[in-house]
1. Cβ-Cβ distance below 6 Å, separation of 6 or more or different chains: which pairs start in the stretch 48-74 with a residue that is assigned by TED's automatic domain parsing to the domain that holds Met37 and end on one that is surrounded by 12 or more Cβ atoms within 10 Å (Cβ to Cβ) and of a type in the set (Lys, Arg)?
2. Quickly run through the stretch 46-98 and pick out the residues that are small (Gly, Ala, Ser), surrounded by 10 or more Cβ atoms within 10 Å (Cβ to Cβ) and under 26 Å from Leu36 (Cβ atoms).
3. Restricting to the stretch 60-109, name every residue that is assigned to a helix (DSSP H, G or I) and of a type in the set (Phe, Trp, Tyr).
Amino acid sequence: MKRKSNKTPSYRELKKILYSEKKYKKVRGRSDEKGLMVMVDDDSIGLALKRLKRKIKDACLFEEYKEHERYVKPSVKKRKKKNKIKCKMKWDKILKAKLEEYESQINGK
């Protein structure tokens with residue numbers, strides 16, 4: 001018979017146990033029922049905060065918060081989207097012109 005040790009399970013083992021129960025989605029740093037959760041090992045609060053910040057960043061919580069901070073009318077959303085596309089097209093046009101100019105300089109030499 002094997003004896004069970006009193007050793008606490010590692011982070012990987014805990015992760016396997018949590019995801020094997022199928023309660024949580026495998027999205028990095030986020031689960032529907034529990035929210036964000038960080039394990040603190042050996043009183044290393046600095047490391048735990050670093051992990052928490054990373055999970056928040058990966059889950060895009062700040063972007064969601066900013067989007068829902070104020071109500072934005074659908075017409076304003078459309079206008080911003082169109083302006084963004086126009087700006088991107090303008091920038092692409094400028095880059096394309098510079099690239100053609102550069103290629104003509106190389107081919108001319």
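The values are calculated or read from the model by the stated rules, or taken from the named source; none is laboratory data. This one's a predicted model, so the numbers in the text were calculated from it and none came from an experiment. Cβ: placed from backbone, ideal geometry, glycine included. Neighbour counts: every protein chain shown.
1. So the pair list comes out as Ala59/Arg30.
2. The answer is Ala48, Ala59.
3. Answer for the stretch 60-109, where residues must be assigned to a helix (DSSP H, G or I) and of a type in the set (Phe, Trp, Tyr): Phe62, Tyr65, Trp91, Tyr102.
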